[in-house]
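Data first, discussion second: the structure below is written as structure tokens.
The numbers here are math on the coordinates, done by the rules we state, and not lab data. Since the structure is predicted, the reported quantities are computational estimates derived from the model, not experimental observations. Cβ placement follows ideal geometry from the backbone for every residue including glycine, while neighbour counts extend to all protein chains displayed.
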Amino acid sequence: MIRVEVVGSEEVRANLELASHTVHKRVVEAVSRVGVMLTRRVKEKLNGEVLKVGKTGNLRRSIHAEFTDDSSGVTGTVGTNVPYGRMWELGFDRKVGAFARGGGAGMTAAQRAAYAASHPPGVKHEAPRSFLGSTIDEMRPNINRLLTEAVRKGFGT
């Protein structure tokens, strides 16, 4: 018969509980820091590096980070709520040519016909201009390093 007795088991349990809280706190801080870094870098990319921001700067201003910390874990999300942000990220097709996006009001029938003849209808494919996914890919080593450091520091190693 083999008998095993853990000496100081209550102390071990208390230390593990303390380490768990410390690790959690450090991971929350790291996820928050990563969100800020990603948001800043995405906005830089929207300043002309990947996609030149339009007249209003609405897409750039819409980039934001959100954090959740609940029973399922710590989550950080960086994104936009602007619908056309997804279109630029993934690519899209758009109509081109005369009156593809409306217009033509106030033209005579002859002017409309002439304009339509010189601007044939068609579809233009806009290739993806990733600013979110490419930033995560670019910063992945740094993100992994920050999260790994947070866990190590939480355990005091």
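General observations
- Nearest 10 degrees, 0 to 90: helix 133-154 Cα axis against the chain principal axis: 10 degrees
- Each principal axis of the Cα cloud of the range 22-87 was evaluated for its coordinate range; sorted largest first, these ranges are 45, 20, 15 Å.
- Estimated FRET transfer efficiency when R0 is 30 angstrom, pair residue 56-residue 127 (beta carbons, to 0.05): 0.85
- Ranked packing of 125-138, 65-78, most packed first, by mean Cβ within 10 Å: 125-138, 65-78
- Each Lys or Arg adds one and each Asp or Glu subtracts one; over the other residues with Cβ under 14 Å from the Cβ of residue 132, this totals +2.
- Each principal axis of the range 37-124 carries a Cα extent, and these read 66, 27, 22 Å when sorted largest first.
- Converting phi to 3J(HN,Hα) with the Karplus coefficients 6.51, -1.76 and 1.60 and the offset θ = phi - 60°, the range 110-115 yields 5, 5, 4, 5, 5, 5 Hz in sequence order, with x at every glycine or proline.
- Within the set (1) 101, 35, 24; (2) 47, 42, 25; (3) 63, 33, 28, the number that Cα extents along the principal axes in Å takes when calculated for this structure is listed as (1).
- In order along the range 25-30, the Karplus-derived 3J(HN,Hα) couplings, from 6.51 cos²θ - 1.76 cosθ + 1.60 at θ = phi - 60°, round to 4, 5, 5, 4, 4, 5 Hz, and Gly and Pro are given as x.
- Residue among 27, 123, 36 with the largest mean-square fluctuation in a Gaussian network model of the chain, springs linking Cα atoms under 10 Å: 123
- Candidates 35, 79, 122: whichever shows maximal mean-square fluctuation once the chain is modelled as a Gaussian network with Cα springs under 10 Å: 122
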